Amino acid sequence: MGDEGLTRDQAIRDLQALRAAGLIEETGHGRTRRYLAAGTAAQAERSVRAFDHQPAAPRPLRRRLT
């Protein structure tokens, strides 16, 4: 999946819209600028990460039929 059709201006508008909606926050400056999840997006990310790190439920033992 490429970004051939995405212009720099459109990318900036999209980032500004996400920031205005409270879904991302900026950190860093210039070339080191990054965008992190914020608000409800951050809550969703934390929920997924917490679920992913829970230990797996033990699997029931299967008896071999002979």
FRET efficiency estimate (nearest 0.05) - Cβ-Cβ, ALA50 to ALA17, R0 35 angstrom: 0.80
Taking r as the C-beta separation of ALA57 and LEU36 and R0 as 35 Å, the FRET efficiency to the nearest 0.05 is 0.65
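Since every read-out is calculated from the coordinates, none of them should be taken as a lab result. In this text the structure is predicted, and so the values were computed from the model without any measurement. As a convention, Cβ positions derive from the backbone with ideal geometry for all residues, glycine included, and neighbour counts pool all protein chains shown.
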